[in-house]
Amino acid sequence: MSSSSTHDVYYVPAPSKWPVVGSTALFLLAIGFVSLLHFGKTQAYVLLAAGFATLTYMLFGWFGNVISESESGKYNAQVDASFRWSMGWFIFSEVMFFAAFFGALFYARQMSVPLLGDVDNQLLWPGFKPDWPSMGPYNATEFHPMSAWGLPAINTMLLLTSGVTVTWAHWAIKKNDRTQLVLGLAATVALGLIFLFCQMTEYGEAAFSLATGVYGATFFMLTGFHGFHVSLGTLMLIVILARSLKGHFTPEHHFAFEAVSWYWHFVDVVWLGLFVFVYWL
Amino acid sequence: MKKLRVIAGAIAASLPALALAGYDVNIPAPKTPISMQIYGLHMEILWVCLAIFVVVFGVMFYSLFAHRKSKGAVAANFHENHLVEVIWTLIPFVILAVIAFPATRTVLAMKDASNPDMTIKVTAYQWKWQYDYLNDGVKLYATLSTPRDQIGSPEEHGKITNEHYLLETDNNVVVPVGKKIRLLITANDVIHGWYVPQLGVNQYGIPGFIKDTWFQANEAGIYRGQCSQICGKEHGYMPIVVEAKSPEDYAAWVKEQKAKQAEAAQPADKVSMADTTAR
Amino acid sequence: MEAAHAHAHDDHHHAPAGIGRYFTTTNHKDIGSMYMWFSLIMFFVGGFMALVIRAELFQPGIQIVNPDVFNQLTTIHALVMIFGAVMPAFVGYANWQIPLMVGASDMAFARMNNWSFWLMPPAAALLVGSFLVPGGAAGSGWTLYPPLSIQGGISVDMTILAVHIMGASSIMGSINIITTILNMRAPGMTLMRMPMFVWTWLITAYLLIAVMPVLAGAVTMLLTDRHFGTHFFNAAGGGDPTMFMHIFWFFGHPEVYIMILPAFGIISHIIPTFARKPLFGYASMVYATASIALLSFIVWGHHMFTVGMPAAGNLFFMYATMLIAVPTGVKVFNWIATLWKGSITFETPMLFAIGFVSLFTIGGFSGLVLAVTPVDITLHNTYYVVAHFHYVLFSGAIFSIMGGAYYWLPKWTGHMYDETLGKVHFWLTAISFNITFFPQHFLGLAGMPRRIPDYAPQFTEFNQISSIGAFLLGFSQLLFLYVVIKCIRGGVKAEAKAWEGAEGLEWTVPSPAPYHTFETPPAFH
Ligand code: HEA
Ligand code: HEA
Ligand code: CUA
Ligand SMILES: [Cu+2]
């Protein structure tokens, strides 16, 4: 709530070029991507490369600004509260993004596949058996879905453990124990990287693809989107680790750290949903 | 022009009169049990809404008139009154319940396609309809029969002279009067909509899925409708014409169709659903 | 806007001079103004497309555009109006007004705020520019239903990416707005003492954060179905086109309330001001807004009564949809009770507000007619639906935007607008709006499908009336542009409290509002 206990002024940043740079980057990426899909590859790669370069430039510049503002003490308690609200709402938006894909999975399992196998649809798809996992009635063949009890179970352990290590780091930062902070963060980063490695291995071994009907589509969309989030989370953890090594953060003032750990826990919880609904049941 | 007169009359008359001024401003004459219920429901809701509108906006316009500053009105300073607020929450609720009741009956009736007298499978294509009479073995395609050169600038092609411009097909769907006809609707490329207002049917054809609905025409006649879901360039050009005939005439028609079919045993329609849906 | 101010603070930099400042600005007033200009431009672009549509529909036959281009115009008209005109206008108002209304020095994230805006022009370029690529723009209707949208060409991908970018912009904008509201209110301004506009935006921002990602998910699946071999929406692979509809409308229905809740907020300021009487039921207005928002998540199926859901599904969505009439009614009755025994004057904002209440209600009633499943069966995808949503969108959203513009122009520019021209603009708009869209009810009842470039002759007369109305309506808006420009360039000096009956913190700062306001939180009683 509005805290006016601090009588200092809410920090409003100076005019900044980063937003426009960021928009330019996204525009380049968008037209680059469209070109990749429809026109010459060279031209597309040039556009995409330019887009990524611009985006990277923007991210470094923008976050650089934020970090130096934070470190120079410009952010008072009220600004800190703003960051907390915003991170919470951002994570909510991500939850809803995943909800769309989970919705697709549930819909396919509960509605579309059973419907395709019902009496009336025998007219169109004679003999189709609506069992899950399914690749649909058109040229339905046997395929091996991903089992829950190999790599996925290991991955679950990895992520759960990483949730513990990041909490360990948090505990350390509050105690101002820099060594344990760095250790906890490093362990978390390592676990994240191992997770990603396992996920890549699993993809490599998968006996089906993105095009294996609605099973393949939902499987790769959900796990892929999650994997993308783990990658982002790991990157963010690396940044936090680097900042910790540089001596940033104090026991009272370390919201960047907390934001990343919230994000990491969120990615963790999503994985549990994936494990149950994509791999297990 | 008859219609212009109707419009002029309609505009001169008040809003309620409009609804009654003729079918030009209302749902076309319903011809099935379901569409009659729909018609009745619509009239009921229309009257309810008009009544609410008159009462609510009567109050508002009275207030705008009587409480003008230019007439020396001084603002009162009241706000919040729980009794009033509860009343104006409950009354709409009750009105809605009154509407919902008959509507529920109709929904259940229109969803009940059981025990049909005959079944027709309807397959939509870009941009034509295929009808398979599952009981009688008739199969036909229906496409727009308005000559192409009528579509286009009236300046170039002369006035549109065709009475049923855009609402006519080369092969009409013929059905017997008084029989419950179940439709199994699907599509072969994109989503289309089988829509004939007078029969009270509007059902999407979804590629790869069969959806069912039904109607029972109580009167012989020709009922016209159009594709109701955008399906590409010629979405405006895939009409539906249903011809309801007496059961005897229908039987004769079936015979005639069968004879035609035997003559030109069509070998070319082996294209299955899957071939076009799969990519 | 360059008024000197006493509390210059280190961190509050004076903007660089000239146009260049708008690229880098972190000032909520600059950003608000940019949003509003962007919106006005897009309104004209989208309106121009509507006029081409209406010109084509002036008589049966194909005269001006071929059927392909017609579908493209329909699609882009809707997307431009919704994402380019209405939403940015409300975000612009939020930017200008929320910090002023809650007594904050700026938005919570002033730099990100500028990014939210600057994402819009590239997205608009992708959207409108798609007319220029081979194959033309997307022609599947704004709902982008597969498989039709899967058949489309390059432009569909451009549209999808535009939607992604606009979604990102909306989410960032909403986070900013929510944070500003929750965290930056002046001391003493409890939640239940916030101005109504702030409340409606708080709830709208919540809706946006909840549903924009869902839309992003839907179009992402469309993209992978188009290019990467997935079968989300293809029966052959076990998917279902209906699934897209469910996901789309889970976004789509809350989206329509996103376009009307801030309108309710604006109207809830204008009516008390010109009735010189406080809003009748503040608390019930807040609860009604929240109820509408919550209900909006469970009614999406009313767009899908004809896809062949089971009876239970149809009934559930029918009941839920009908329920929304109750809290909306509470709003309408509150406005009328506010007028009752007021001391009413009819300045232009008030005219738009009264027009809003009466005409939006007509749109609400036609919505109720459509909510009744059996009736929707016969009206679905006809011009009745087109009439319904233009009543709620034009005489709803756009009327409130125009009313809001007249209401706050004095605060924004420091001048009173030309009252006579404003009134003329209102009457021209209100009359020609009804000429355009009222006859469409009759067309729909008679069975004229939407999204067709050519129609059966029996529909001719009403279409002609509608087209004539549309041109009147379109050209009347040029008057609005003129009034706005005239007001910016000069006019009677506006007082701090430009309207006799106006209440709220924004009326305590000078007109025009100085570049920086409330650098120290004001006292709020
Ligand atoms: C701002 C936008 C907006 C708003 C506010 C609404 C509000 C409502 N809409 Fe509408 N709607 C759209 C925008 C909007 N809609 C759009 C864009 C489409 C088409 C999308 C497309 O297909 O492209 C659409 C389509 C649409 C359909 C689908 C039609 C079809 O495709 O077949 C339905 C069906 O139920 C519907 C219903 C309603 C209802 C019940 C309300 C209610 O919220 C209205 C409530 C208001 C009132 C009822 C009036 C005031 C109340 C009183 C005075 C109280 C007393 C009243 C009674 C007791 C009756 N709308
Ligand atoms: C907020 C949303 C909004 C707004 C404001 C409008 C405004 C208008 N709309 Fe539209 N409309 C939609 C949202 C909106 N619409 C949606 C969602 C659809 C459904 C699309 C779909 O089916 O997928 C639709 C569809 C739609 C159709 C149906 C098309 C079809 O089914 O094929 C029609 C037809 O009459 C129409 C007409 C109009 C008209 C005449 C206006 C007028 O109000 C416009 C007024 C005109 C102006 C403001 C322009 C002024 C311009 C000039 C004076 C010319 C000068 C030009 C320049 C300077 C460039 N709209
Ligand atoms: Cu077929 Cu529209
Ligand atoms: Cu809706």
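The values are calculated or read from the model by the stated rules, or taken from the named source; none is laboratory data. Remember, predicted model here, so these are calculated numbers, not experimental data. Neighbour counts are summed over all protein chains in view; Cβ atoms, including those assigned to glycine, are modelled from backbone coordinates with ideal geometry. Keep in mind that these areas ignore ligands, DNA and RNA; they rest on the heavy atoms of the full protein, side chains included. Shrake-Rupley method; radii C 1.70, N 1.55, O 1.52, S 1.80 Å.
Does C:Glu495 fit the bill of being part of a loop (DSSP other than H, G, I, E, B), more than 16 Å from ligand 3 (Cβ to nearest atom) and either within 14 Å of chain B (Cβ to nearest Cβ) or touching an Asp or Glu at 6+ places or on another chain (Cβ under 9 Å) (or both)?
The answer is no for C:Glu495.
Identify all residues within the stretch C:127-159 that are buried (at least 24 other Cβ atoms within 10 Å of the Cβ) and under 20 Å from the mean Cα position of the chain (by Cα); write none if there are none.
Hits for the stretch C:127-159 are C:Leu127, C:Thr159.
Looking at this structure, is C:Ile258 of a type in the set (A, V, I, L, M, F, W, C), open to solvent by less than 10 Å² (accessible area, probe 1.4 Å) and either under 16 Å from the mean Cα position of the chain (by Cα) or more than 14 Å from ligand 1 (Cβ to nearest atom) (or both)?
In short, yes.
Can you find even one residue in the stretch C:286-293 that is in a helix (DSSP H, G or I), open to solvent by 20 Å² or more (accessible area, probe 1.4 Å), of a type in the set (Ser, Thr, Tyr) and more than 7 Å from chain B (Cβ to nearest Cβ)?
Yes - at least one qualifying residue is present in the stretch C:286-293.
Quick check, is C:Trp335 more than 16 Å from ligand 1 (Cβ to nearest atom) and over 20 Å from the mean Cα position of the chain (by Cα)?
Spelling it out, it is not the case that C:Trp335 is more than 16 Å from ligand 1 (Cβ to nearest atom) and over 20 Å from the mean Cα position of the chain (by Cα).
Tell me yes or no: at least one residue of the stretch C:294-303 is farther than 16 Å from C:Gly265 by Cβ, open to solvent by less than 20 Å² (accessible area, probe 1.4 Å), within 7 Å of chain B (Cβ to nearest Cβ) and modelled with pLDDT of 95 or more.
No: zero hits.
Checking C:Gly239 against (1) more than 15 Å from ligand 1 (Cβ to nearest atom); (2) open to solvent by 20 Å² or more (accessible area, probe 1.4 Å), which test does it fail?
Unmet condition: (2).
Is at least one residue of the stretch A:36-44 more than 7 Å from every other protein chain (Cβ to nearest Cβ), touching a residue at least 24 places away in the same chain (Cβ under 8 Å), out of contact with any strand residue (DSSP E or B) (no Cβ under 9 Å at 6 or more places or on another chain) and assigned to a helix (DSSP H, G or I)? Explain how you work it out, then say what you get.
So in the stretch A:36-44, the residues more than 7 Å from every other protein chain (Cβ to nearest Cβ) come out as A:36, A:39-44.
Keeping just the survivors that are touching a residue at least 24 places away in the same chain (Cβ under 8 Å) gives none.
No, every residue in the stretch A:36-44 fails to be more than 7 Å from every other protein chain (Cβ to nearest Cβ), touching a residue at least 24 places away in the same chain (Cβ under 8 Å), out of contact with any strand residue (DSSP E or B) (no Cβ under 9 Å at 6 or more places or on another chain) and assigned to a helix (DSSP H, G or I).
Being in contact with a Gly (Cβ under 7 Å, 6 or more places away or on another chain), within 16 Å of ligand 2 (Cβ to nearest atom) and on the phi < 0 side of the Ramachandran plot narrows it down to one of B:Ile185, B:Ile230, so name that one.
On the way: B:Ile185 fails: within 16 Å of ligand 2 (Cβ to nearest atom).
Result: B:Ile230 is the single residue among B:Ile185, B:Ile230 that is in contact with a Gly (Cβ under 7 Å, 6 or more places away or on another chain), within 16 Å of ligand 2 (Cβ to nearest atom) and on the phi < 0 side of the Ramachandran plot.
Out of C:Glu461, C:Glu500, I need the residue that is among the charged types (D, E, K, R) and part of a loop (DSSP other than H, G, I, E, B). Which one?
Selected residue: C:Glu500, the only one of C:Glu461, C:Glu500 that is among the charged types (D, E, K, R) and part of a loop (DSSP other than H, G, I, E, B).
For C:Phe365, which of the numbered conditions (1) within 26 Å of B:Glu44 (Cα to Cα); (2) over 24 Å from the mean Cα position of the chain (by Cα) fails to hold?
Just one mismatch for C:Phe365, condition (2).
Here is a list of conditions, (1) more than 16 Å from ligand 2 (Cβ to nearest atom); (2) more than 25 Å from C:Glu506 (Cβ to Cβ); (3) buried (at least 24 other Cβ atoms within 10 Å of the Cβ), and C:Phe197 meets all of them except one; can you say which number that is?
Condition (2) is where C:Phe197 drops out.
Take the conditions in contact (Cβ under 8 Å) with a residue 24 or more places away in the chain and farther than 30 Å from B:Gly205 by Cβ and apply them to C:Leu119. Does it pass?
Spelling it out, C:Leu119 is indeed in contact (Cβ under 8 Å) with a residue 24 or more places away in the chain and farther than 30 Å from B:Gly205 by Cβ.
Take C:Val386 and decide whether it is within 14 Å of chain B (Cβ to nearest Cβ), surrounded by fewer than 24 Cβ atoms within 10 Å (Cβ to Cβ) and assigned to a helix (DSSP H, G or I).
yes
For residues in the stretch A:118-141 being open to solvent by 20 Å² or more (accessible area, probe 1.4 Å) and small (Gly, Ala, Ser), which is nearest to A:Ala207 (Cα to Cα)?
Looking at residues that are open to solvent by 20 Å² or more (accessible area, probe 1.4 Å) and small (Gly, Ala, Ser), I get A:Ala140.
Would you mind stating whether B:Ile206 is at pLDDT 95 or above and either surrounded by 24 or more Cβ atoms within 10 Å (Cβ to Cβ) or not assigned by TED's automatic domain parsing to the domain that holds B:Asp189 (or both)?
Values: at pLDDT 95 or above: yes; either surrounded by 24 or more Cβ atoms within 10 Å (Cβ to Cβ) or not assigned by TED's automatic domain parsing to the domain that holds B:Asp189 (or both): yes.
Yes.
Can C:Glu506 be described as buried (at least 22 other Cβ atoms within 10 Å of the Cβ), of a type in the set (Asp, Glu) and within 19 Å of C:His269 (Cβ to Cβ)?
Details: buried (at least 22 other Cβ atoms within 10 Å of the Cβ): yes; of a type in the set (Asp, Glu): yes; within 19 Å of C:His269 (Cβ to Cβ): yes.
Yes: the conditions hold for C:Glu506.
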